[in-house]
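For reference, the structure is listed below as structure tokens.
The values are calculated or read from the model by the stated rules, or taken from the named source; none is laboratory data. Values in this document were obtained by computation on a predicted structure and should not be read as measured data. Backbone-built Cβ (ideal geometry, glycine too); neighbour counts: all protein chains shown. Heavy atoms of the whole protein, side chains included, go into the accessibility calculation; ligands, DNA and RNA do not. Shrake-Rupley method; radii C 1.70, N 1.55, O 1.52, S 1.80 Å.
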Amino acid sequence: MIDAQISQQLAGLPLGGVRFFDELDSTNNEASRWIRQEAPDMALVLADHQTEGKGRLGRKWFAPPETALLFSLVLRDETVQSTDQKTEENLIITAMRMTALGALAVCDSLETQYRLYPQIKWPNDILLNGGKTAGILVETHWQGNYPPVVILGIGINIASGSVPSDETVRFPATCLEDALGAPVDRFVCLRVVLENLIAWRQTLVEPAFVKTWESKLAYRGEWVDVFEDTGTEMVNIQQGRLIGLDNLGRLRLQDDRGSEMFLINGELSLRAVQR
Ligand code: BT5
């Protein structure tokens, strides 16, 4: 029954195959297993519920059954990098751009389909009315030779049951239905996000991609604290005014004296600060 609903929504999309599960450890984990069996580009893994939904750095992603959209896409992309750029910094930039691809696709979908005004909390959170509504987890797989295979995992809170309580999250959370004040069909949302993702992917290396990404950043012009998660604590590593992004997608901050700082580390969190 659910399968038929999903198939109907995905009809005609250029996917490399679809695996749907009522319950799974994590759609990213399943994508990773599929990659070991030669998953094609645009292979899609979808789950109604995850028992070990993953955030970054070993953090957890919560979503009770039937409340959220949880999926991962396998992207085999040769456009982002060439072999001679295999440095750690370039890898982080690649992962950041893939994260942005997911973020832009989600933002566009929320804007065009639901007339909402999402913002991106750099690098990987989608906010609606200041609350986290979606999170993106990019994992990169190496199979010896370049290019890397990317797993783009996206979790979107749809119904209010998907919103974790304040005590369990580090940042306030919300969901699409609460922001909209109306019911949302998860699989219609999935189709729109995939359509937007396919369209944005064509522009991944164009300046317009970074410009649009920058235009959707939360806290632009505001002072922010930047934290690094060491695994045991959040360490405040930087404070500055959030200017935007440079052409690589690095976060641009300006300090009191007007000096600029560029951040590439993908494990940062931002908090608006009062001054
Ligand atoms: C993320 O990590 O935001 C990435 C989340 C990616 C989830 C998708 S679901 C499909 C795919 N398969 C997976 O296994 N994962 C991906 P991070 O920035 O580290 O944020 C994690 C933090 O967000 C947690 O430590 C909580 O504080 C908070 N959180 C957990 N579940 C949440 C939810 N449903 N809504 C809002 N915040 C949540």
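Per-structure values
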| read-out | value |
| --- | --- |
| All positions within the range 115-140 that are touching a helix residue (DSSP H, G or I) at 6+ places or on another chain (Cβ under 7 Å), part of a loop (DSSP other than H, G, I, E, B) and within 12 Å of the ligand (Cβ to nearest atom) | P123, N124 |
| Verdict on L46 being at pLDDT 95 or above, part of a strand (DSSP E or B) and in contact with a Lys or Arg (Cβ under 9 Å, 6 or more places away or on another chain) | yes |
| Tally of residues being outside any loop (DSSP other than H, G, I, E, B) and either under 18 Å from R191 (Cβ atoms) or touching a strand residue (DSSP E or B) at 6+ places or on another chain (Cβ under 8 Å) (or both) across the range 153-165 | 6 |
| Flag for I151 being near the ligand (Cβ under 8 Å from one of its atoms) and surrounded by 15 or more Cβ atoms within 10 Å (Cβ to Cβ) | no |
| Subset tally (residues that are open to solvent by 10 Å² or more (accessible area, probe 1.4 Å) and under 16 Å from E195 (Cβ atoms)) for the range 92-111 | 2 |
| The range 42-66 residues that are touching a residue at least 60 places away in the same chain (Cβ under 8 Å) and open to solvent by less than 10 Å² (accessible area, probe 1.4 Å), paired with ones that are within 11 Å of the ligand (Cβ to nearest atom) and among the charged types (D, E, K, R) (beta carbon under 7 Å, 6 or more apart) | G53/K60 |
| Residue count, the range 99-114 (criterion: under 20 Å from N247 (Cα atoms) and either within 13 Å of the ligand (Cβ to nearest atom) or β-branched (V, I, T) (or both)) | 3 |
